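The values are calculated or read from the model by the stated rules, or taken from the named source; none is laboratory data. Note that this is a predicted model, so its numbers are computed, not measured. As a convention, Cβ positions derive from the backbone with ideal geometry for all residues, glycine included, and neighbour counts pool all protein chains shown.
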Amino acid sequence: MNAKLIALRTAQHRRAYTHQHFARPQNTGMTWYNWLDRISHDDNPTTIARRIKTPASTVTRWRDGSTPSPTQAAAVARAYGRPVLEAFVAAGFLTEQEARVRPTKPSDLTAHELLDELRVRINRLEMSHSLETVTAPRPEHFDLAAMSGMSEGERLRNAMNAEQETPESFYDGGEPA
């Protein structure tokens, strides 16, 4: 086969691969290239390609309807100072609604949602690491507490025991004791 036919088939394969793997899942009304044209202030394909360090033919394919890879979309967004999520929406990787979703703070979750998340994380932890067996405390664990002297509770308990052991005077109704 001659070189032109090979190049044509390679370009067709590349275009088919791009559409197959990075096809726009929904019609947002704006194509990738329309968005690119708007944010690049009408830069020509060569200038855009130079800014994102990719061949000009790649940008030309975008103009012809091809969709960029996620890496290329992110590179364009960064080169033109735009949010990467905006580029992903323009390329059709995310819907506008998906791009608006932000991580949730724990205080935003109900108790059940928080417990469910903890269960998921604990299960993940159990699968990746073996958990250590929890053992009952042993007397040597309390050596430091024993060396610090008598606790307030121990002092009060001893004082109460001492009071109970002291006989009290008993009044039987007769003469005062």
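Just a few scattered comments:
- Whenever a residue of the stretch 99-115 is closer than 17 Å to GLU86 by Cα, it has no partner that is of a type in the set (S, T, N, Q) and at pLDDT 80 or above lying with C-beta atoms less than 9 angstrom away and at least six residues away or across chains.
- Considering each residue of the stretch 89-106 in turn, at least one proves to be outside any helix (DSSP H, G or I), within 14 Å of LEU36 (Cβ to Cβ) and out of contact with any Gly (no Cβ under 8 Å at 6 or more places or on another chain).
- Of everything in the stretch 36-57 that is closer than 21 Å to PRO83 by Cα and small (Gly, Ala, Ser), the residue that is surrounded by the fewest Cβ atoms within 10 Å (Cβ to Cβ) is ALA49.
- Any hit, the stretch 67-85, residues being at pLDDT 90 or above and charged (D, E, K, R): yes
- The set of residues in the stretch 27-71 that are among the polar types (S, T, N, Q) and in contact (Cβ under 8 Å) with a residue 60 or more places away in the chain contains only THR28.
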